1. With respect to the numbered conditions (1) more than 12 Å from the ligand (Cβ to nearest atom); (2) aliphatic (A, V, I, L, M); (3) more than 30 Å from residue 47 (Cβ to Cβ); (4) buried (at least 21 other Cβ atoms within 10 Å of the Cβ), which one is the sole condition not fulfilled by residue 259?
2. Among the residues of the range 115-129, how many are touching a Leu at 6+ places or on another chain (Cβ under 9 Å) and either within 13 Å of the ligand (Cβ to nearest atom) or β-branched (Val, Ile, Thr) (or both)?
3. Which condition from (1) crowded, with 20+ Cβ neighbours inside 10 Å; (2) not in a helix (DSSP H, G or I) is the one that residue 284 breaks?
4. If we scan the range 300-307, do we find a residue that is touching a residue at least 24 places away in the same chain (Cβ under 8 Å), in a helix (DSSP H, G or I) and more than 24 Å from residue 350 (Cβ to Cβ)?
5. Which one of 16, 47, 54, 43 is in a loop (DSSP other than H, G, I, E, B), small (Gly, Ala, Ser) and modelled with pLDDT of 95 or more?
6. Which condition from (1) under 23 Å from the mean Cα position of the chain (by Cα); (2) farther than 27 Å from residue 23 by Cβ is the one that residue 381 breaks?
7. Kindly list, by first and then second residue, each pair from a residue in the range 142-166 that is under 20 Å from residue 427 (Cβ atoms) to a residue that is open to solvent by 10 Å² or more (accessible area, probe 1.4 Å) and basic (Lys, Arg), limited to pairs with Cβ atoms under 8 Å and residues at least 6 apart or on different chains.
8. What's the number of the condition residue 382 fails, among (1) within 13 Å of the ligand (Cβ to nearest atom); (2) β-branched (Val, Ile, Thr); (3) open to solvent by 20 Å² or more (accessible area, probe 1.4 Å)?
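The values are calculated or read from the model by the stated rules, or taken from the named source; none is laboratory data. Quick caveat, the model's predicted, so the values are computed rather than measured. So basically every Cβ, Gly included, is an ideal-geometry build from the backbone, and we count neighbours across all protein chains shown. For the accessible areas, the whole protein counts, side chains as well, though only heavy atoms, and no ligand, DNA or RNA atoms are used. Shrake-Rupley method; radii C 1.70, N 1.55, O 1.52, S 1.80 Å.
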Amino acid sequence: MVLDHEILIVGAGLAGLRAAVEASETADVAVVSKVLPTRSHSGAAQGGITAALGNEEEDQWEWHFFDTVKGGDYLGDQDVIEIMVKDAPRAIYELEHMGVPFSRTRDGRIAQRNFGGHTKGYGREPVKRACYVADHTGRVVLDTLYDQAIGRHVRFYGECYVLSLVFDDGRCCGVVTYDLATGGLHFLRAKVVLLATGGCGKIYRTTSNGFSTTGEILNLTFKEGIPLQDMEFIQFHPTGLFPLGILVSEAARGEGGILRNDAGEPFMERYAPSIKDLAARDVVSRAILTEVRAGRGIGGKGYVHLDLTHLGERKITEKLWEITSFARIYLGLDAVSQPIPVAPTCHYLMGGIPTDGDGRVRADQTARTVPGLYAAGECACVSIHGANRLGCNSLLDLLVFGRRSGKAMKDEVAGVKTLLTGRDPTKPVRERLAALTDREGPEKAHAIRLEMQIVMTDYGSVFRTEGALRQGIDAILALKERFSRVMVTNRGTSFNYDLMETVELGHQLDLCEVILVSALNRRESRGAHFREDLPQRDDQNYLRHTLAFCATGGPRIAYKPVVLGRFQPAVRAY
Ligand SMILES: Cc1cc2nc3c(=O)[nH]c(=O)nc-3n(C[C@H](O)[C@H](O)[C@H](O)COP(=O)(O)OP(=O)(O)OC[C@H]3O[C@@H](n4cnc5c(N)ncnc54)[C@H](O)[C@@H]3O)c2cc1C
């Protein structure tokens, strides 16, 4: 079946929904999501959204600008970072006008809290910059934007997997979807397509990310010849609930929580003397694992304690209710009187599909873009976050660049005519699925997935070395070979998760290779990419973005310059 829309958005997280709300002012917009729209991972965001409103204490957009550049270890592009931080207050007030019930100060203004790496006076001391709705900010904003989109007659296709991007003469003109309920394949044709499909945290064993955060669309674009940028930069959030990896938001430290080792020592004082527990995430994650490696984890084990016990029951119940309820539900402990066991957990992809500041996908190192194709949100690399994202800057990125993509798309579609009338793009997809379901083989997807997650955790996480990365690449190549003999046991057409998860796994294995090869080629340490064999930052050779291109024999690596501006690279200490 062919379904026509002017604008097609893949992904119903905050980036996709913000774009949909914008574009639907004048265009016919549809949103496709492989989960029910409001189950998108954005709904799990807890801590908040940054904007230099200065509601609690003095703040300036220039300080937000500096913190973001420094937080990203000078790899972020300063032209787009400036756009984002200047636009932040407007983005927050707009949400307020749409109905988001932000937490309030005593005098009724939007309340703000501390978050890691956000400072006043260019690094002097922490500043309250994150606007929040208790500790379920993402849930509330997602529901509000979904409501707005429904009110603007945006069409939703829920539980539909995008399995292929369709191009006509180099222009993206739609997608092929698999309807989970029926197993039917459809061609959704459009004049422009926005990819807003989130991150890929599920390739690691321990992650804060939801089960749908598998990243296959990143690989679909890669296979179409579009580069992936800065994929070596994967953020590990310092405080995953041990051993599950479920997130304990930085809001807990923003509200005064302290990390302690086995001796009860508040060890962050040694690693980040000025802002301690509120240092950037890469710094805190390395500090925790350094404590653990030195035998100072709790009971000598692989975790430390996050201590909230001095905050008092009232503050915890009012501001950190969801976080502490996770500790109660999953570990049976009461955070009011007991410390929470935490360890780093895979959280966020700084890299992704390269775009310009209006979401247009960039084809290579030049300013050339891919006609008809846009990307926004975590799957995109604008690049705002450089080598390490600051807390609460992701939701801001989604809102600012989601809206800008929506605007650019609605302006573009007016002049585009409907394309591709001649051929059936579902045919090759049908054949690929049939090849999977018809195959008899000894391998099972779930076993390969588990091994992939262990390989990535062992060889490509917080600490990396050349030897480990090479071992990781070899292990992933061996898993890819085994994947060619994988068998899908469920041959049904209704809710066949076995089939879809196998398709996802094939893409994930390719992505792992891109990540490890990008990391191997970056012979320095910067932000979240820490090479124990090369612990220094090397601006001479690596103050540049990695671009990985699909090629025979493995990803081909190229580089492009970073856009510098007001802030020149300097020593990064907290
Ligand atoms: C637990 C947690 C807490 C967080 N807290 C904060 C916070 O407080 N502040 C902050 O700034 N950031 C936070 N982050 C980060 C932030 O939430 C994410 O970066 C952001 O929500 C990603 O939004 P998105 O719109 O890009 O994609 P997502 O919200 O991840 O949505 C992806 C969408 O793409 C769809 N999709 C994916 N693949 C396909 C496919 N093949 N076919 C069809 N649809 C597809 C999915 O169905 C989904 O609708 C947090 C992240 C996590 C995991």
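1. Residue 259 satisfies every listed condition except (3).
2. Qualifying residue count for the region: 6.
3. Every listed condition holds for residue 284 apart from (2).
4. From the range 300-307, those touching a residue at least 24 places away in the same chain (Cβ under 8 Å) are 300, 302-307; that's our starting set.
After this cut, where a residue has to be in a helix (DSSP H, G or I) as well, the list is 300.
If we keep only those that are more than 24 Å from residue 350 (Cβ to Cβ) as well, we get 300.
Looking for residues that are touching a residue at least 24 places away in the same chain (Cβ under 8 Å), in a helix (DSSP H, G or I) and more than 24 Å from residue 350 (Cβ to Cβ), one finds at least one in the range 300-307, hence yes.
5. Numbers: 16 fails: in a loop (DSSP other than H, G, I, E, B); 47 fails: modelled with pLDDT of 95 or more; 43 fails: in a loop (DSSP other than H, G, I, E, B).
Going through 16, 47, 54, 43 in turn, just one is in a loop (DSSP other than H, G, I, E, B), small (Gly, Ala, Ser) and modelled with pLDDT of 95 or more: 54.
6. Against the list (1) under 23 Å from the mean Cα position of the chain (by Cα); (2) farther than 27 Å from residue 23 by Cβ, residue 381 comes up short only on (2).
7. Qualifying pairs under 8 Å: 160/34; 161/34; 162/34; 163/432; 166/189.
8. For residue 382, the failing item is (3).
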